[in-house]
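Asks: Structure in structure tokens, see below.
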2 protein chains.
Amino acid sequence: MAREKVAPALLDLRKRIRHSAAHVLAEAVLRLFPNAKLTIGPPTDDGFYYDFDVERPFTPDDLEKIDALMRESIKQGLRFEEWEVDRQEAIKRVADNPYKLEIIEGIPEGERITFARHAEFVDLCRGGHVWSTGEIKAFKLISSAGAYWRGDERNRMLQRIYGTAWESAAEMEKHLHQLAEAEKRDHRRLGVDLGLYFFDPIAPASPFFLPKGAHVYNRLIDYVRFLYLKNGYQEVVTPQILNTALWKRSGHYDAYRENMFFVEIDDREFGVKPMNCPAAAMIYAATLHSYRELPVRLADFGRLHRYERSGVTHGLTRVRSFSQDDAHIFCRPDQIAAEINGFIQMLRKSYATFGFTDIRVALSLRPDKRVGSDEMWDRAETALEAVMDESGLDYDKMPGEGAFYGPKIDFFVPDAIGREWQLGTVQLDFSLPERFDLEFAAEDGTRQRPVLIHRAMLGSLERFLGILVEHYAGAFPLWLAPVQAVVIPITDRNASYAESVKGKLQDAGLRVEIDVSNERMNAKIRNAQLQKVPYMLVVGDREQAAGKAAVRRRTGEDLGPRGIDEIRAMMLDEESGRA
Amino acid sequence: MAREKVAPALLDLRKRIRHSAAHVLAEAVLRLFPNAKLTIGPPTDDGFYYDFDVERPFTPDDLEKIDALMRESIKQGLRFEEWEVDRQEAIKRVADNPYKLEIIEGIPEGERITFARHAEFVDLCRGGHVWSTGEIKAFKLISSAGAYWRGDERNRMLQRIYGTAWESAAEMEKHLHQLAEAEKRDHRRLGVDLGLYFFDPIAPASPFFLPKGAHVYNRLIDYVRFLYLKNGYQEVVTPQILNTALWKRSGHYDAYRENMFFVEIDDREFGVKPMNCPAAAMIYAATLHSYRELPVRLADFGRLHRYERSGVTHGLTRVRSFSQDDAHIFCRPDQIAAEINGFIQMLRKSYATFGFTDIRVALSLRPDKRVGSDEMWDRAETALEAVMDESGLDYDKMPGEGAFYGPKIDFFVPDAIGREWQLGTVQLDFSLPERFDLEFAAEDGTRQRPVLIHRAMLGSLERFLGILVEHYAGAFPLWLAPVQAVVIPITDRNASYAESVKGKLQDAGLRVEIDVSNERMNAKIRNAQLQKVPYMLVVGDREQAAGKAAVRRRTGEDLGPRGIDEIRAMMLDEESGRA
């Protein structure tokens, strides 16, 4: 999900450091467990691991000893060497290791087979090391766990050791801190703690939103609708289960069938929609459009279903059932630039609302295999580049990375702890209007093809909500918070006053609860803080007599006693500051 | 769909009149076509028909002649006689008619077989006639059409004649007028004319809502949400595709499987949800509830899918894909009366908003086969009756008509042309809380079962929208109207002034369009009237100079020139009058 924004050269260095660290790890394990069988040890996005066939799981004690041996090896600054051998020789070298033999079997005839060495340690290896172990400036072993050979539960269980390695201690510290921060913010845990949503095997990878989660979810939709109203979008509501003939016409049946769910009705096959595009094309085609009416911007919040293997689903960020802030714009070719520009304006406004301001953009250009004339691509790409240049946004051109049906722009933002997420996308499509024979009546009376623009700002609302939970660490801004204030009566004597405080705020449309539990005041305050409620309004005899409430923010900030009208005005002001 | 509110005795009389009219029709047909073979001729909800095996379809000319012969027969006041015969005799009598023979075969051994006669005409017949043909005070032949024997296309095609018959000419006139009115208001036709929605065989019985239809649809949801907020409901969002294990637990798999769609995922069977109840139970069960928190009112606008045979689907009023204003209330047994009462208050308020005030209520009481203790039923029924008595609403008790899982109340309203529709329902459920082992912590610390109340006010929103289109004949009240005003510039000189008028109203949140077509003013006005747009704002040089617009209502009412501020205030006032 989260992508880091790192220069390619640095990315390559890190990969070499981590690959090298895996060798150093394996060297240490062999010194402690001479009978261990080596298998594979790749670098990963944020570290490395190595899987060993050993007689028993590694203990924390083992890891400590391994760590010490690794530091020794690194201190010695040992040279890495790589060399090629022929297949015969390779097989001889790993004759007693069935895993390595299997790996060699998998290497196609004619491809190079290489080994790498540092000090006494030798391993079958594709290569890609640093100069010497000394370049592993910082590393840390993280954990160990069982893992099946090739990830297949029918195979033997191996023991995996996870570690991370970096070009400097400072970078590693930053990473470990981010890891710890990410764990604290894990939206799967916070979702439960804050009563937002839950998952159940009865509907794998399909969230159940509790009232508080549904509240945030619906506020996101409200917000997008607010932007749509200002930007000339129209909402439509379309069927979810459509005949396979449609998915054949749209091309989804060929290209996306594996990710679709199918239903049989009256002996015919129907697909549950994984995308809204074909229905949008049908809506467009239902009416005759004149050039004067274009662009037509059709938004559809319809629920989508996509099959994702259970191995890759993850909390809200990768689910099988979700809705998108999805819209399809049908426009004339000469309107492309204005539409993309308008979309980017709206997208930036929406991102700023959530505190995402540091946007990175990737512009993907024509691939070799494509539909549409070169003139069409020239015009579209020129338009997109001009829009991007004007936007002042930092963007990378990605030649050859566009979809076969048109160029596209993807938008990435870093969250509060620096992890980068892809959110929005805007894609031109020269293909679907052909497939659905879409037309508009041009000024000269001829029938012409509109261009289709697929676009989303927040993307999957489920995923975006998951990202937001982590971005805010559960502390939603006032306008999104499911409960905006908790009134905390100090004694039972203050109960009816608490009710009147709640009532006054509620009448203004604010979402307020009273903590009627038998807990003591401090426990109630702590509770509200844990629930990330923006405001706590403590009311005791003194506040009641003065017609006030003692106001605290969830941050701990104490605003002291304030009149209820003042509190209401303050909260409404903060709420309206959203957009 | 639509039900009439008629006293049982009158209903019975109409049935006899129509059945008798069918005999008179058959008599006339036999006189004109002696070789015609009789099949069946039942009374229907608003008339009768008779299916004949004849050599060629009936012509309008035939119908005229038949009509004349029928009037003759009625004028004579011929006695109807019914008598029983034994099976042997019956078979002999109809020996040359394979249809009647098939009917006799279908009559179980031991059941009476009867014939009826008036004048020379004799027919195998279950009975149920008026005293004489003279009692058929009014009838009309409506149409003829082909119809397969037994409705099965593998059988022979028969010729059906439709008619209607009544106890008085006045009643028939009323009916025919209603029919004509209903045809004008047919929501399937108006949906197309007004650009609200369409259907396509690619997704049978699943509406595509165009922007205008989606607008009304979403406003209905907004309105229900507004009522929910005032009435302590909480919204949830739940999965649509759930493992069959859930549908087995809820009982839907046993009782409702035929109406469900199934999907296979990872080699397991999943059901597409036809109802929200099981997910509501899971949401309730996800949190521990204390007696103090009850009732919990969970609303779910989730899309539902139900298989309906293509023969019974009808426009928006019977579809396969829809959402409901569906909610599930979990409460203590002592809260039943208050919850039902609160629901009825809200329901009456919502119905009044749409001009449905003449509510009829049916209270269905315990059936023989049921779950739950007699004490539970006693308490629930007593509570419901007390609530109904207090409500002042007209209600009928229906002993034995309750669901096996609890008593229920259904709500019926007549629309603008007098057709009665069932809209709301509220059903107690003692079963689902058992099946899902739902609990709350009672005041004494024990765990107890909550009662579940299923309830809907408007029911299926698709169906309700269809009913509303017919009820309003497409002329939605201002708050629902997709376009609230059309600005009509008289000449091109007034175009930019028209824009400024539109802008001023739009800034106030009103939905305004400009008619920029090349039509003349009168055509534009007629067009806006056909589109049922509430206000037409005509702007020419004079209006522009005065900063006004000439205001017309879609009813034709001419309000004369008005200032834009005044128009805005008038419209906002009318809109806010909704609730």
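The values are calculated or read from the model by the stated rules, or taken from the named source; none is laboratory data. Computed from a predicted model, the values in this text were never measured in an experiment. Neighbour counts run over all protein chains shown; Cβ positions are idealised from the backbone, glycine included. Just so you know, the surface numbers come from the protein's heavy atoms only, side chains and all, with ligands and any DNA or RNA stripped out. Shrake-Rupley method; radii C 1.70, N 1.55, O 1.52, S 1.80 Å.
Asks: Could you pull out every residue, at least 5 positions away or on a different chain, whose amide H is within less than 5 Å of the one on B:Phe80? Hs are placed 1.01 Å off N in the peptide plane, and Pro or chain starts have none.
Replies: B:Ser132, B:Thr133
Asks: So what's the projected area for chain B, the Cα convex hull averaged over all directions, in nm²?
Replies: For chain B, the mean projected area of the Cα convex hull comes to 34.4 nm².
Asks: Give the average, rounded to an integer, of partner chain Cβ atoms located within 10 angstrom of each Cβ in A:261-267.
Replies: The shielding value for this peptide is 5.
Asks: Towards the positive end of the charge dipole of the protein assembly as shown, with charges on Cβ (+1 Lys, Arg; -1 Asp, Glu), say which of A:Ala416, B:Val312, A:Ala116 has the farthest Cα.
Replies: Towards the positive end, the residue furthest out is A:Ala416.
Asks: Strictly greater than 16 Å: what percent of every Cα pair in the range B:314-383 meets that? Could you put the intermediate results ahead of the total?
Replies: Values: 1620 of 2415 pairs.
Every Cα pair in the range B:314-383 considered, those over 16 Å come to 67 percent.
Asks: Could you tell me which of the pairs A:Lys502/A:Lys532; A:Lys349/B:Lys548; A:Lys92/A:Lys140; B:Lys15/B:Lys37; A:Lys15/A:Lys273 are separated by over 28 angstrom between their Cα atoms in the structure shown? Don't jump to the answer; show the numbers that get you there.
Replies: Working: A:Lys502/A:Lys532 18 Å; A:Lys349/B:Lys548 36 Å; A:Lys92/A:Lys140 34 Å; B:Lys15/B:Lys37 24 Å; A:Lys15/A:Lys273 39 Å.
Beyond 28 Å: A:Lys349/B:Lys548; A:Lys92/A:Lys140; A:Lys15/A:Lys273.
Asks: Rounded to the nearest 20 debye, what is the charge dipole size of the protein assembly as shown about its Cα centre when +1 sits on each Lys and Arg Cβ and -1 on each Asp and Glu Cβ?
Replies: Roughly 1060 debye, rounded to the nearest 20.
Asks: If contacts are Cα pairs under 8 angstrom and at least 6 residues apart, what is the relative contact order of the range A:485-576 in percent?
Replies: Value for the range A:485-576: 29 percent.
Asks: Taking beta carbons within 10 Å but only from partner chains, what does the mean come to for residues A:191-197?
Replies: 1
Asks: Sort out for me the Cα centre separation of the range B:292-341 from the range A:1-59, rounded to whole Å.
Replies: Centre-to-centre (Cα) distance: 55 Å.
Asks: Can you pull the mean other chain C-beta count within 10 Å for peptide A:152-158? Spell out each step's value before the answer.
Replies: Numbers: counts 0, 0, 0, 0, 0, 0, 0.
Mean partner-chain Cβ count within 10 Å for A:152-158: 0.
Asks: Kindly provide the pair-distance distribution of the range A:69-108 built from C-alpha pairs, with 10 Å bins from 0 and whole-percent values in order of increasing distance.
Replies: Using 10 Å bins, I get a P(r) of 24, 34, 29, 13 for the range A:69-108.
Asks: Same structure again: 222 nm [θ] for the protein assembly as shown, helices only, -39500 (n - 2.57) per DSSP H run of 4+, per residue, to 500?
Replies: -11500 deg cm²/dmol
Asks: At 1.4 Å probe size, with every protein chain present, just tell me what the per residue accessible area of chain A comes to in Å². Don't skip to the end; give the middle numbers.
Replies: Values: 26100 Å² over 579 residues.
Using a 1.4 Å probe on heavy atoms only, each residue of chain A averages 45 Å².
Asks: Could you list which residues have their amide H under 5 Å from that of A:Lys397, counting only those 5 or more apart in sequence or on another chain, with H placed in the peptide plane?
Replies: Under 5 Å from the amide H of A:Lys397: A:Leu363.
Asks: Which whole-Hz ³J(HN,Hα) couplings does the range B:266-281 yield from phi under the Karplus relation 6.51 cos²θ - 1.76 cosθ + 1.60, θ = phi - 60°, glycine and proline marked x?
Replies: Taking θ as phi minus 60°, the curve returns 6, 6, 10, 8, 10, x, 6, 5, x, 8, 8, 3, x, 5, 4, 4 Hz for the range B:266-281.
Asks: Same structure, new question: Take the eigenvalues of the Cα gyration tensor for the protein assembly as shown, scale each by 5, and report the square roots as semi-axes in whole Å, largest first.
Replies: Taking √(5λ) for each Cα gyration eigenvalue gives 63, 38, 36 Å.
Asks: Amide H neighbours of B:Phe301 under 5 Å, counting only residues 5+ apart in sequence or on other chains, H built in-plane at 1.01 Å?
Replies: Counting only residues 5 or more places away or on other chains, the set is B:Val236.
Asks: Still on this structure: List the equivalent ellipsoid semi-axes of the range A:367-474 in whole Å, largest first, each obtained as the square root of 5λ for an eigenvalue λ of the Cα gyration tensor.
Replies: Working: eigenvalues 209, 57, 32 Å².
Largest first, the range A:367-474 gives 32, 17, 13 Å.
Asks: Something else now. How big is the B-A contact in terms of buried accessible area, both chains counted, 1.4 Å probe, rounded to the nearest 100 Å²?
Replies: 4000
Asks: From the backbone phi of the range A:103-114, what are the Karplus-calculated ³J(HN,Hα) couplings (6.51 cos²θ - 1.76 cosθ + 1.60, θ = phi - 60°) in whole Hz, Gly and Pro given as x?
Replies: Values, residue by residue: 4, 4, 3, x, 7, x, 3, x, 8, 5, 10, 10 Hz.
Asks: Provide an ascending nm list, one decimal, of label-point separations from A:Glu385 to the equivalent residue in each further copy; define each label point as 7 Å from Cα along Cα→Cβ.
Replies: 8.4
Asks: About its Cα centre, what dipole magnitude does the range B:142-247 give when the only charges are +1 on Lys and Arg Cβ and -1 on Asp and Glu Cβ, stated in debye to the nearest 20?
Replies: The dipole of the range B:142-247 has a size of about 180 debye.
Asks: Taking a quarter of the surface of the Cα convex hull of the range B:485-576, what do you get in nm²?
Replies: Orientation-averaged projected area of the Cα hull: 5.2 nm².
Asks: For the range A:502-546 and the range A:160-180, compute the distance between their C-alpha centroids and round to whole Å.
Replies: Answer, in whole Å: 42.
Asks: Still on this structure: Write down the radius of gyration of the range A:8-185 and its Dmax, each obtained from C-alpha positions, in Å.
Replies: So, for the range A:8-185, Rg and Dmax equal 16.2, 52 Å respectively.
Asks: Placing +1 at every Lys and Arg Cβ and -1 at every Asp and Glu Cβ, with all other atoms neutral, what dipole size does chain A have around its Cα centre, in debye to the nearest 20?
Replies: The dipole magnitude comes to about 1180 debye.
Asks: Related question: Around A:Ile525, with a cut-off of 15 angstrom between Cβ atoms, what is the net charge of the other residues, counting Lys and Arg +1 and Asp and Glu -1?
Replies: Values: positive: A:Arg520, A:Lys524, A:Arg526, A:Lys532, A:Arg552, A:Arg553, A:Arg554; negative: A:Glu513, A:Asp515, A:Glu519, A:Glu543, A:Glu557, A:Asp558.
Its environment carries a net charge of +1.
Asks: List the relative contact order of chain B as a percent without decimals, with contacts defined as Cα pairs under 8 Å and 6+ residues apart.
Replies: Taking the mean separation of contacting Cα pairs over the length of chain B, I get 11 percent.
Asks: In the range A:8-185, if the dipole is taken from +1 on Lys/Arg beta carbons and -1 on Asp/Glu beta carbons about the Cα centre, which of A:Ile107, A:Trp83, A:Leu10 is farthest to the positive end?
Replies: Most positive-ward Cα: A:Leu10.
Asks: Select from A:Val263, A:Asn155, A:Tyr233 the residue farthest towards the positive end of the dipole of the range A:153-268; place +1 on Cβ of Lys and Arg, -1 on Cβ of Asp and Glu, and compute about the Cα centre.
Replies: A:Tyr233
Asks: Within 10 Å, count the other beta carbons around each residue, average over each peptide in A:229-237, A:328-336, B:172-180, and list them highest first.
Replies: So the order, starting with the most tightly packed, is A:328-336, A:229-237, B:172-180.
Asks: When the accessible area of the range B:485-576 is split by element with a 1.4 Å probe, what percent falls to carbon and sulfur?
Replies: 45
Asks: Shortest first, in nm, what separates the label point of A:Gly195 from those of the same position in the other copies (7 Å along Cα→Cβ)?
Replies: From this label point to the equivalent ones elsewhere in the assembly: 4.6 nm.
Asks: Which whole number in µm²/s is D for the range B:106-222 by Stokes-Einstein, with the Kirkwood Rh taken over Cα pairs at 4 °C and 1.567 mPa s? Before the final figure, lay out the partial values.
Replies: Details: Rh = 19.5 Å.
Once the numbers are plugged in, D ends up at 67 µm²/s.
Asks: For B:Lys397, go through the lysines and keep the ones whose alpha-carbon is under 16 Å away, minus same-chain ones fewer than eight residues off.
Replies: Here the lysines satisfying the reach criterion relative to B:Lys397 are B:Lys5, B:Lys408.
Asks: Got the B:Arg520 label distances to the other copies yet, label 7 Å along Cα→Cβ, in nm, shortest first?
Replies: Distances to the matching label points in the other copies: 8.7 nm.
Asks: Only bridges with both residues in the range B:485-576 count here: give the DSSP antiparallel percent, nearest 5.
Replies: Here the antiparallel bridges make up roughly 55 percent for the range B:485-576.
Asks: Using the Karplus curve 6.51 cos²θ - 1.76 cosθ + 1.60 with θ = phi - 60°, work out ³J(HN,Hα) for each residue of the range B:314-330 in order, rounded to whole Hz, and write x for Gly and Pro.
Replies: Per residue, the Karplus-derived 3J(HN,Hα) values read 7, x, 7, 7, 9, 10, 9, 9, 6, 10, 10, 7, 9, 9, 10, 9, 9 Hz.
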